[in-house]
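Colleague: This is the structure, below, for whatever I ask next.
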Amino acid sequence: MFTNFDARLFNDPEFKEDAVREVIIAPILSRLGYHPIGKNRVIRSKNLVQPFIYIGTRKHPVTIIPDYTLLEENQPILILDAKSPIESVTSRANIQQAYSYAIHPEIRCKHFGLCNGRQLAVFSVDAVEPLLNLKFEEFEPRWSDIEKHMGPKFLLQPELRRIKPDFGFRISQMGLSNDTELIMLATRLGMFARVTDTLYSATVNCSFGEEDHCVSYDFAPELLTPMLAGLPKELVEAFQRAISRAPFQACADLVIEVDLRVHLGDPIKVEHETFIPLVVDEVLASRFNTTPVKNEPTDIPPYIFRLSNAFKIITSSGETDG
């Protein structure tokens with residue numbers, strides 16, 4: 001997107017706000033899918049009929065006209081104000097002015113942003129700290145974060161930002177076909193579910209391309225036993241009991257580590273995304289691995305069986321819960 005741009009231009013006194021608009025912001029908005037016409041529109045320098053808002057009984061002037069108002073089906077969803085590279089996108093004054101415009105009765109959008117080329121910051125009108133604050137050098141490698149904070153569907157439904165991209169879908173986009181055999185080594189599994197009498201599924205997060213993804217493993221019921229084979233007998237029995245009754249879910253808490261032979265399944269379209277499960281063909285090995293890992297699951301509902309609550313580890317320094 002900025003292949004031929006030299007960031008040293010930000011230090012050139014002739015590289016001003018108009019250059020930021022044309023060289024930096026315009027390509028970002030175009031890549032996000034905003035255009036002058038269509039469902040996702042961008043309006044330049046939208047004037048207010050009444051350029052003030054009331055705070056109590058006092059009029060508070062709105063002294064800026066942001067460069068861009070982004071709309072989804074004529075509904076404002078983000079205002080974006082361009083600044084010159086020497087201006088701050090996190091200064092109190094600049095934030096207050098953009099905020100005042102965003103909450104104006106003629107606009108009423110939940111998000112606003114500021115960009116000076118060097119930096120892009122996106123805010124919610126309901127929070128003090130920026131939701132996104134990136135330096136220019138991060139625009140390309142963290143493009144998915146820009147999409148999650150400026151893309152239409154994420155602005156309309158911010159809760160979607162918590163949904164991680166699907167690993168199967170991503171690798172299918174790289175050209176892998178359904179008959180491609182994949183060997184997944186040292187995979188530590190999280191949540192298990194009995195989807196139907198003939199289908200089980202296990203999910204886990206993984207890092208791919210410096211970004212967290214969600215992986216879904218679909219497998220036949222007869223493969224559950226070899227998946228649990230690395231556990232002590234008592235834990236196998238407890239886990240099997242939990243997944244065999246409502247709500248037909250059990251959390252392995254990443255202590256079940258397996259090596260799997262898999263292939264890509266068929267795409268499954270849900271409300272907000274398409275995901276592609278990895279279909280397990282063979283369990284090559286199973287291990288009981290209690291080594292702590294980063295980002296262990298913390299959002300498991302209390303009614304879900306958790307394997308970590310079913311064992312304890314005895315160490316030389318005392319007893320530690322698993």
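Colleague: Please identify the pairs in which a residue from segment 280-293 that is touching a residue at least 60 places away in the same chain (Cβ under 8 Å) and β-branched (V, I, T) has its Cβ atom under 9 Å from the Cβ atom of a residue that is open to solvent by less than 60 Å² (accessible area, probe 1.4 Å) and not in a strand (DSSP E or B), counting only partners at least 6 apart or on another chain.
Modeller: V280/A220; V280/L223; V280/M227; V283/L223; V283/P226; V283/M227
Colleague: Pick from segment 147-157 the residues that are over 10 Å from the mean Cα position of the chain (by Cα) and not charged (D, E, K, R): which of them is modelled with the lowest pLDDT?
Modeller: Once the filter is applied, the top-ranked residue is Q157.
Colleague: When you go through R118, R108 one by one, which is the residue that is open to solvent by 40 Å² or more (accessible area, probe 1.4 Å) and in contact with a Pro (Cβ under 6 Å, 6 or more places away or on another chain)?
Modeller: Unique residue meeting the criteria: R118.
Colleague: Tell me yes or no: at least one residue of segment 147-157 is open to solvent by less than 60 Å² (accessible area, probe 1.4 Å) and of a type in the set (D, E).
Modeller: The answer is no; no qualifying residue exists.
Colleague: Now, a different point. For segment 82-105, how many residues meet the condition of being open to solvent by 30 Å² or more (accessible area, probe 1.4 Å) and under 23 Å from F2 (Cα atoms)?
Modeller: Of the residues in that region, 3 qualify.
Colleague: Next up: Could you count how many residues in segment 158-174 are in a helix (DSSP H, G or I) and open to solvent by 40 Å² or more (accessible area, probe 1.4 Å)?
Modeller: 6
Colleague: Among the residues of segment 175-210 satisfying the criterion of being under 11 Å from F248 (Cβ atoms) and of a type in the set (D, E, K, R), which is most open to solvent (accessible area, probe 1.4 Å)?
Modeller: The qualifying residue most open to solvent (accessible area, probe 1.4 Å) is D197.
Colleague: When you look at K39, is it basic (K, R), surrounded by 12 or more Cβ atoms within 10 Å (Cβ to Cβ) and either under 23 Å from I103 (Cβ atoms) or at pLDDT below 90 (or both), yes or no?
Modeller: It is false that K39 is basic (K, R), surrounded by 12 or more Cβ atoms within 10 Å (Cβ to Cβ) and either under 23 Å from I103 (Cβ atoms) or at pLDDT below 90 (or both).
Colleague: Quick test for you: out of R188, R194, pick the one residue that is closer than 25 Å to F311 by Cα, part of a strand (DSSP E or B) and in contact with a Ser or Thr (Cβ under 8 Å, 6 or more places away or on another chain).
Modeller: R194
Colleague: Could I ask something else about it? State which residue is farthest from A7 (Cα to Cα) when the search covers only segment 127-144 and only residues that are open to solvent by less than 60 Å² (accessible area, probe 1.4 Å) and part of a strand (DSSP E or B).
Modeller: L132
Colleague: If you don't mind, another one. Inside segment 71-81, can you point out the residues that are surrounded by 15 or more Cβ atoms within 10 Å (Cβ to Cβ) and out of contact with any Cys (no Cβ under 7 Å at 6 or more places or on another chain)?
Modeller: Result: L71, E72, D81.
Colleague: For segment 211-244, which positions are open to solvent by 20 Å² or more (accessible area, probe 1.4 Å), under 18 Å from A186 (Cα atoms) and not β-branched (V, I, T)?
Modeller: D212, C214, D218, L223, P226, A229, G230, listed by residue number.
Colleague: Oh, and also: Would you tally the residues in segment 84-94 being modelled with pLDDT under 95 and in contact with a Leu (Cβ under 7 Å, 6 or more places away or on another chain)?
Modeller: The qualifying residues number 1.
Colleague: Would you confirm whether or not segment 163-174 contains a residue that is under 30 Å from S286 (Cβ atoms) and touching a Gly at 6+ places or on another chain (Cβ under 9 Å)?
Modeller: Yes - at least one qualifying residue is present in segment 163-174.
Colleague: Please enumerate the residues belonging to segment 261-278 that are among the charged types (D, E, K, R), assigned to a strand (DSSP E or B) and modelled with pLDDT of 90 or more.
Modeller: Once the filter is applied, which keeps residues that are among the charged types (D, E, K, R), assigned to a strand (DSSP E or B) and modelled with pLDDT of 90 or more, segment 261-278 yields only R261.
Colleague: Before we move on, is V258 within 25 Å of the chain's Cα centre (by Cα) and in a strand (DSSP E or B)?
Modeller: Considered against the rule, which asks whether it is within 25 Å of the chain's Cα centre (by Cα) and in a strand (DSSP E or B), V258 comes out as no.
The values are calculated or read from the model by the stated rules, or taken from the named source; none is laboratory data. Every value quoted in this text rests on a predicted model; they were computed, and no experiment measured them. Neighbour counts run over all protein chains shown; Cβ positions are idealised from the backbone, glycine included. Quick note on the areas: whole protein, heavy atoms, side chains included, nothing else; ligands and nucleic acids left out. Shrake-Rupley method; radii C 1.70, N 1.55, O 1.52, S 1.80 Å.
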